[in-house]
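Below is one structure, written out as structure tokens, with a few remarks after it.
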Amino acid sequence: MDTITEPNLIASFLRHQKELQQFLTYKVDCAETAADLIQETYLRIARHTADTDIANPRAFLFRVADNLALDHLRGKARQNKRDGGQVSDEIACHQPQPDSALVGQQQMELFEKLIYQLPPQCRTVFLLCRVEGKSYSEIAAELGISPRTVESHMYKALKFLKDRVDFF
């Protein structure tokens with residue numbers, strides 16, 4: 001079998017670059033990292049000064065790339081161990097941020113003021129429906145009015161609130 005010299009090693013790299021890219025992408029499960037490792041592989045072989053000739057340049061290239069991938073994966077594992085790993089949803093705080101909680105509180109106060117600006121019968125219908133979750137027919141029976149009147153009061157209440165609040 002013929003041996004290969006330095007310039008032929010670079011030529012072999014160029015010939016097998018796509019294959020190396022696929023191998024590394026599979027190995028590290030990240031195309032961007034694989035691209036970085038391809039560049040590092042090229043730098044390693046470009047700096048390589050052979051004391052002996054390389055009998056199988058393709059195998060040599062894959063060995064260099066594989067070693068770089070293993071080094072990367074080991075480093076990543078050490079970093080995850082040191083940093084405690086990836087942040088999971090279990091660790092993340094699900095409480096609203098203070099600024100959004102304040103905005104929510106201010107909106108609720110405005111909404112409450114607006115509800116109390118509704119005419120008394122309209123306000124009662126709205127609260128029975130939206131707060132207590134009663135149906136139009138239940139509200140009608142409780143207040144002694146027709147379901148159509150309940151519907152009319154709800155329409156007026158929703159229109160009044162919608163015209164004054166942009167988050168509703």
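The values are calculated or read from the model by the stated rules, or taken from the named source; none is laboratory data. This one's a predicted model, so the numbers in the text were calculated from it and none came from an experiment. Note that we place each Cβ from the backbone using ideal geometry, even for glycine, and neighbour counts take in every protein chain shown. Side chains included, ligands, DNA and RNA excluded: accessible areas come from the protein's heavy atoms. Shrake-Rupley method; radii C 1.70, N 1.55, O 1.52, S 1.80 Å.
Just a few scattered comments:
- Ordering Cys30, Pro147, Leu158 by Cα displacement along the dipole of the chain toward the positive end leaves Pro147 in first place; charges were set at the Cβ atoms of Lys, Arg (+1) and Asp, Glu (-1).
- The chain, accessible surface, carbon-and-sulfur percent (1.4 angstrom probe): 52
- Probe 1.4 Å, accessible area per residue of the chain, Å²: 71
- Only protein heavy atoms count here; on that basis, with a 1.4 Å probe, Glu109 has an accessible area of about 100 Å².
- Over the chain: helical MRE at 222 nm, DSSP H runs n ≥ 4 each giving -39500 (n - 2.57), nearest 500: -24500 deg cm²/dmol
- Hull volume in cubic angstrom per residue (convex hull over the Cα atoms of the chain): 229
- Between Ser135 and Leu102, the distance separating the two model label sites (each 7 Å from Cα on the Cα→Cβ line) works out to 4.5 nm.
- Helix 147-164 and the long axis of the chain differ in direction by around 60°, with both axes built from C-alpha atoms.
- Efficiency of FRET between Gln117 and Ile145 - r from beta-carbon atoms, R0 35 angstrom, step 0.05: 0.95
- Contact order normalised by residue count of the chain, Cα under 8 Å, 6+ apart, percent: 17
- Net dipole in debye of the chain [+1 Lys, Arg Cβ; -1 Asp, Glu Cβ; about Cα centre; nearest 20]: 400
- Value of Rg to Rh for the range 107-161 (Rh from inverse mean 1/r over Cα pairs, i.e. Kirkwood): 0.97
- Computed extension length for Ser152-Leu110: 12.8 nm, one decimal, from 0.36 nm per residue of separation with the Cα-Cα distance subtracted.
- Across the range 100-156, the mean sequence separation of Cα contacts (distance under 8 Å, 6 or more residues apart), normalised by length, yields a relative contact order of 28 percent.
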